[in-house]
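Here the structure is laid out as structure tokens; the discussion comes afterwards.
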């Protein structure tokens, strides 16, 4: 018995030594010598919402434009109801004119043949900083201009006629924008937007998720003074932003923590924020419908494995240093299958509707939900299509 214990002890020490030095650089974080795992301060497991869509209604979604759009993260319709418009993996913003997809705008002025069509969405990652990568897009309902959160090029806008987008801001209080993600406006035209990390650019989003990095920021751009200010710091993967119907507050997603947070613009609490709703998984974008309800796109449910890893950064680092690729680590985190979920919340943060495809048969991943004319238009940064679900 003693010899067996000795063997296991030796094997464990050898494994610990291997993980400590990663000699063959086969781990998911081998290319990130400054990688640091940070604790994700989540609510107790018992408080994570368990509501489910037992009917898997998202499997009834219609897959549209298959292989015509790659990685359509955000969906928007213009002031005349035309569209959809969406940003795609090669850096363009395109729109559906009713018969075909047409180019509408680009964010980068140095595009080249590197930005030409490629066979897979992930093939674009290494050149995104050259081609641009538009994520959240919104039409300004007063001017008709399209505002764009480009992951690499910052906050931008383009005229209603399209073309090359104009830069509005690329930094905040001396710190460059590194992962501009989503945006929305108030009545005065101020833009509220997220910078998901000041350490990891979008092409390293998997490592950002693994790390629990807390350098994310919530920002405000003033179109009059041209100033960009930081409203909230030390956020763990802030993402989607959406204004309430009465413009008294907006909500934004905290990706790593799995929750919605409300930031007050008016009233006694103006300038403060609070938890709006706990989420069952990892949120991407959030969008407000005409009734003032919030649709949240959930990348996938949180598993017990990802929960434990989030709470214990040393354990997470140990596991990430095993000779396993980042892709495999990602699949382990999501339970080895893509499975989309969208949830509708009331203006008070109550769950109104849950829709999901827990088996990932049709709506594998959803990055954003835009409700229009009784339909949910769902984009996905990882899929080559738009899914459309008919509400009852």
For the range 272-366, one quarter of the surface area of the C-alpha convex hull, expressed in nm², comes to 7.8 nm²
Ordering 110-121, 146-157 by per-residue average of other C-beta atoms within 10 angstrom, highest first, gives 146-157, 110-121
Each label sits 7 Å from Cα toward the beta-carbon; between residue 110 and residue 164 the label points are separated, in nm, by 1.3 nm
Check: C-alpha center the range 79-106 vs C-alpha center the range 202-236, spacing in Å is 27 Å
Ranked from fewest to most other Cβ atoms within 10 Å of their own Cβ, 263, 312 fall in the order 312, 263
Scattering profile of the range 123-218 from the Debye formula, Cα beads only, expressed as log10 I(q)/I(0) at q = 0.21 Å⁻¹, is -1.04
Kirkwood radius from Cα pairs of the chain plugged into Stokes-Einstein at 20 °C, 1.002 mPa s, gives D in µm²/s equal to 100 µm²/s
Rounded to the nearest 0.05, FRET efficiency between residue 175 and residue 30 (Cβ-Cβ, R0 35 Å) equals 0.80
Proxy exposure order for 373, 184, 214 (fewest C-beta within 10 Å first) is 373, 214, 184
Longest principal axis of the chain (C-alpha) makes with the long axis of helix 2-21 (C-alpha) an angle, in degrees to the nearest 10, of 40 degrees
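The numbers here are math on the coordinates, done by the rules we state, and not lab data. Bear in mind the structure is a predicted one, so any value in this text is a computation, not a measurement. For neighbour counting, all protein chains shown are included, and Cβ atoms are generated from backbone atoms with ideal geometry for every residue, glycine included.
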